[in-house]
Amino acid sequence: MNKKVAVIRREHFNAAHRLYNENWSDEQNMATFGKCSLPHYHGHNYELEIKVIGEIDPVTGFVMDLKELSDLVNDKVIERFDHKNLNVDTEEFKQLNPTAENIAVVIYDLLRPHIKPSFELFVRLFETPRNFVEYPA
Ligand code: NI
């Protein structure tokens, strides 16, 4: 049994969103989501960390080639969300509130089928330098 190691790739995207519940009044949305519920959207500089945990391949010495992981994240996630309005321009968030929590779960689900089943996958998403989420918890 080889030792398990975590490898992490950091990526970045910009996106706009609005947090709101369409069944609520403007007042209730403002009370819950604050400025994030303002109707004309606002942007975030999202920082994304993708962590893969697995055994070191004795042939390559890698768990996973980080270039390969970077290409995968860019292809499946960054291309899809970068410079988009998440509420308006993406299928994923037309019916799903684009909170950092929901974005992290969506990103996990986009990547999971493309990562070797024996590897563990974790998504960490920074919405601001001080606010970030992790999935799975
Ligand atoms: Ni926001």
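Pro117 meets the conditions (1) farther than 15 Å from Asn14 by Cα; (2) surrounded by 13 or more Cβ atoms within 10 Å (Cβ to Cβ) in every case but one. The failed one is (2).
Would you be able to tell me the number of residues in the range 1-29 that are free of Cβ contacts under 8 Å to residues at least 12 places away in the same chain, outside any helix (DSSP H, G or I) and among the polar types (S, T, N, Q)? Residues in the range 1-29 being free of Cβ contacts under 8 Å to residues at least 12 places away in the same chain, outside any helix (DSSP H, G or I) and among the polar types (S, T, N, Q): 2 in total. Pull up the range 1-38, narrow it to residues that are among the aromatic types (Phe, Trp, Tyr) and over 24 Å from Arg80 (Cα atoms), then point me to the one that is surrounded by the fewest Cβ atoms within 10 Å (Cβ to Cβ). Among those that are among the aromatic types (Phe, Trp, Tyr) and over 24 Å from Arg80 (Cα atoms), it is Trp24. Out of Leu121, Leu69, Leu111, one residue alone is under 17 Å from Ala6 (Cβ atoms) and under 10 Å from the mean Cα position of the chain (by Cα). It is Leu111.
For the range 81-110, taking the residues that are in contact (Cβ under 8 Å) with a residue 60 or more places away in the chain and in contact with a helix residue (DSSP H, G or I) (Cβ under 6 Å, 6 or more places away or on another chain), the one that is farthest from Leu19 (Cα to Cα) is identified as Phe93. Among all positions in the range 26-45, there is no residue which is more than 21 Å from Phe93 (Cα to Cα) and within 20 Å of the chain's Cα centre (by Cα). Here Val52 does not fit the description of being in contact (Cβ under 8 Å) with a residue 24 or more places away in the chain and touching an Asp or Glu at 6+ places or on another chain (Cβ under 6 Å). Testing Leu125 on (1) more than 16 Å from the ligand (Cβ to nearest atom); (2) touching an Asp or Glu at 6+ places or on another chain (Cβ under 9 Å), one condition comes back false. Which one is that? Unmet condition: (1).
None of Val63, Val77, Val52 is of a type outside the set (Phe, Trp, Tyr), closer than 17 Å to His12 by Cβ and buried (at least 19 other Cβ atoms within 10 Å of the Cβ) except Val77. Looking at the range 30-118, the helices (runs of 4 or more DSSP H) lying wholly inside it that each contain 2 or more residues that are out of contact with any Ser or Thr (no Cβ under 8 Å at 6 or more places or on another chain) and within 16 Å of the ligand (Cβ to nearest atom) sit at 86-89, 100-111.
We did not get these values from a lab; they are worked out from the coordinates using the rules stated. These numbers were taken from a predicted model, which means no experiment stands behind them. In this analysis, Cβ positions are derived from the backbone assuming ideal geometry, glycine residues included, and neighbour counts consider all displayed protein chains.
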